[in-house]
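Chemist: After the structure tokens below, expect a handful of questions from me.
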Amino acid sequence: MRELGRTRQLLMAVIVLYVTVITAMGVVALRRRWASAPEATVMPGPPSPTHSPVVTVSLPTSTPFVTPTRLPSPSADATVASHQGSHDADIAPGPTPDGTPRSIRLPILMYHYVSAPLPDADIFRRDLSVHPGAFRKQMEYMYSHGYVTVSLYDLVYALTRGLPLPERAVVLTFDDGYADAYTNVYPVLREYGFTATFFVITGFLDTARPGYITWDQAREMLEGGMDIEPHSKSHPDLSELDYDALVYQIVGSIESVEANTSHRPRFFAYPSGRYDDRVSEVLRMAGIWGAVTTHNGTRHSSDGLLALSRVRIHGDTGIETFAALLDWDGDVE
């Protein structure tokens, strides 16, 4: 056990050194281009935070995962050039190769916790928490009504290259990388044959922070058809950071995902939905194809890949409201 512990410590030290070196290289390379960049204007953010103070969730994070019975997909004949399963796409999707601007209505659902909040939880934690039973009902509704989950890669290729999507396509996203993503979400998704994108705060996984998934679990989820993408290193307001810190949060989190999963991430979730022109420019230079916001809407365009809107699922979202949100045709408010 001691030898194993020393090995893990050595491996973590190597990873940290790798990320530090790559980040430093990114700072040097990106700073040269940054010198001539125009001053950024801060985009409007949401009136309330999307990430509450850290609450340790009492969930069995070390319980061995048992793969549940997987239901047949409701759309086995759907024609979609899916990225799922490859996770190695390296051909940049935009701008549109054929010069055709495109717009697509597709709900990107935004979840945070899928677990019951503690009795003394604040208003933000309660709002961000979907009860596991309610989540199962939502997935059952999608399954029984013929909705099909696709990835953000599928959406971007549809917008930039015109590749087809299923008629009732939905993207599922889960922010922050809480432990219940593995214990409460992943088994249900596997059961219904759904996929999702999990945006993880990589610094919390690097330090095995309680209440969050581990890199071992992230790799298992990736192998199970899910996407693991960065949500920064420590969830700060990126629009308030100086340039060096901004590069560290973005490039560092990208490199951490790649180092721990052997998957080069192409999508990013803005912490608390806040960003500005500087943030978007660093994302472009770091090879990110698309980024999700907290802006409410279901319409996406080929010229707005770094400002994808989403549909927030609240703790009190009932099944009737959930059904209406899936069919909502809305632009960013």
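Chemist: Out of the residues in region 261-281 meeting the condition of being of a type outside the set (D, E) and assigned to a helix (DSSP H, G or I), tell me which one is nearest to F204 (Cα to Cα).
Modeler: P271
Chemist: Across region 146-163, what is the number of residues that are at pLDDT 95 or above and not in a helix (DSSP H, G or I)?
Modeler: So the answer is 6.
Chemist: Quick check on P93: is it over 20 Å from T293 (Cβ atoms) and either part of a loop (DSSP other than H, G, I, E, B) or modelled with pLDDT of 95 or more (or both)?
Modeler: It is false that P93 is over 20 Å from T293 (Cβ atoms) and either part of a loop (DSSP other than H, G, I, E, B) or modelled with pLDDT of 95 or more (or both).
Chemist: Please pick out the residue among Y143, Y192, Y186 that is more than 29 Å from S103 (Cα to Cα), surrounded by 19 or more Cβ atoms within 10 Å (Cβ to Cβ) and modelled with pLDDT of 95 or more. Reasoning before the result, please.
Modeler: Numbers: Y143 fails: more than 29 Å from S103 (Cα to Cα); Y192 fails: more than 29 Å from S103 (Cα to Cα).
None of the others qualify; the one that does is Y186.
Chemist: Looking only at region 172-217, count every residue that is part of a loop (DSSP other than H, G, I, E, B) and either out of contact with any strand residue (DSSP E or B) (no Cβ under 9 Å at 6 or more places or on another chain) or of a type in the set (S, T, Y) (or both) and tell me the total.
Modeler: 6
Chemist: Out of the residues in region 218-260 that are of a type in the set (S, T, N, Q) and not in a helix (DSSP H, G or I), state the one that is surrounded by the fewest Cβ atoms within 10 Å (Cβ to Cβ).
Modeler: For region 218-260, the residue satisfying everything is S234.
Chemist: Oh, and also: Which one of these does G133 not meet: (1) assigned to a helix (DSSP H, G or I); (2) buried (at least 19 other Cβ atoms within 10 Å of the Cβ); (3) modelled with pLDDT of 95 or more?
Modeler: Single failed check for G133: (2).
Chemist: Quick one: would you say Y178 is buried (at least 24 other Cβ atoms within 10 Å of the Cβ), under 22 Å from V292 (Cα atoms), in contact with a helix residue (DSSP H, G or I) (Cβ under 7 Å, 6 or more places away or on another chain) and at pLDDT 95 or above?
Modeler: Details: buried (at least 24 other Cβ atoms within 10 Å of the Cβ): yes; under 22 Å from V292 (Cα atoms): yes; in contact with a helix residue (DSSP H, G or I) (Cβ under 7 Å, 6 or more places away or on another chain): no; at pLDDT 95 or above: yes.
In short, no.
Chemist: With respect to D303, is the statement that it is modelled with pLDDT under 95 and charged (D, E, K, R) true?
Modeler: Numbers: modelled with pLDDT under 95: yes; charged (D, E, K, R): yes.
Here the answer is yes, as D303 does meet what is asked.
Chemist: When both residues are 6+ apart or on different chains and their Cβ atoms are under 7 Å apart, which pairs have a first residue that lies in region 302-328 and is within 26 Å of T160 (Cβ to Cβ), and a second that is among the hydroxyl-bearing types (S, T, Y) and part of a helix (DSSP H, G or I)?
Modeler: S302/T160; L306/S280
Chemist: Tell me, please, whether a residue that is basic (K, R), closer than 25 Å to F268 by Cα and in contact (Cβ under 8 Å) with a residue 24 or more places away in the chain can be found in region 188-195.
Modeler: yes
The values are calculated or read from the model by the stated rules, or taken from the named source; none is laboratory data. On a predicted model such as this, the values are computed, not experimentally measured, just so you know. Glycine gets a Cβ as well: all are built from the backbone with ideal geometry, and neighbour counts include every protein chain shown.
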